[in-house]
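Some notes on the structure that comes next.
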Amino acid sequence: MEALVLAALREADGPATAGWVQDRLGGDLAYTTVITILTRLLAKGAVTRERAGRSFAWTPASDQAGLAAHKMRRVLDSESDREAVLASFVTGLGPDDERLLRELLGQSRNEGED
């Protein structure tokens with residue numbers, strides 16, 4: 001549901017109300033459900049909000065990739081042995097993902113040297 005709400009917000013021309021999101025999703029979700037999802041996304045840092053009259057207007061703070069990365073960091077942060085978790089994750093990567101990760105790490109090191 002979070003992904004659907006984020007997708008709807010990304011389609012907006014600017015900040016959008018929960019009612020707009022509800023309409024955009026076809027009205028199948030209750031307004032309170034949309035508010036709950038938006039509030040959870042706010043707590044995760046995936047959206048921001050600003051006052052719009054008596055309610056709020058919402059804006060995506062990250063895309064799908066950013067939300068997935070945030071979830072991964074949250075899982076990593078919740079474990080006591082970060083090194084073991086990262087090692088297990090990396091050794092489970094396929095060759096293409098491992099190559100991509102190495103390239104990304106190389107790019108971040110090069111950017112740090114500039």
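The values are calculated or read from the model by the stated rules, or taken from the named source; none is laboratory data. Predicted model, so just to flag it, every value in this text is computed and none were measured. Quick reminder, even Gly has a Cβ in these numbers, built from the backbone with ideal geometry, and neighbours come from all protein chains shown. Ligands, DNA and RNA are excluded from the accessible area calculation, which covers all protein heavy atoms including side chains. Shrake-Rupley method; radii C 1.70, N 1.55, O 1.52, S 1.80 Å.
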Query - Set Leu38, Leu86: member being touching a helix residue (DSSP H, G or I) at 6+ places or on another chain (Cβ under 9 Å) and outside the structural domain of Ala12 (by the TED database) - result: Leu86
Query raised in the report: List the pairs whose first member sits in region 50-74 and is exposed (fewer than 12 other Cβ atoms within 10 Å of the Cβ), whose second member is modelled with pLDDT of 80 or more, and whose Cβ atoms are under 8 Å apart, counting only residues at least 6 apart or on separate chains?
Result: Glu50/Pro15; Glu50/Phe56; Glu50/Ala57; Glu50/Thr59; Arg51/Ala57; Arg74/Lys44
Requested in this report: Using the structure shown, decide if Pro15 is touching a residue at least 40 places away in the same chain (Cβ under 8 Å) and in contact with an Asp or Glu (Cβ under 9 Å, 6 or more places away or on another chain).
Outcome: yes
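For (1) in contact with a Gly (Cβ under 9 Å, 6 or more places away or on another chain); (2) exposed (fewer than 12 other Cβ atoms within 10 Å of the Cβ); (3) β-branched (Val, Ile, Thr), each residue gets a yes or a no:
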{"residue": "Leu9", "(1), (2), (3)": "no, no, no"}
{"residue": "Gly26", "(1), (2), (3)": "no, yes, no"}
{"residue": "Thr32", "(1), (2), (3)": "no, yes, yes"}
{"residue": "Arg40", "(1), (2), (3)": "no, no, no"}
Query raised in the report: In the list Asp97, Asp81, which residue meets the criterion of being of a type outside the set (A, V, I, L, M), within 30 Å of Leu9 (Cα to Cα) and either open to solvent by 80 Å² or more (accessible area, probe 1.4 Å) or in contact with a Lys or Arg (Cβ under 9 Å, 6 or more places away or on another chain) (or both)?
Result: Asp97
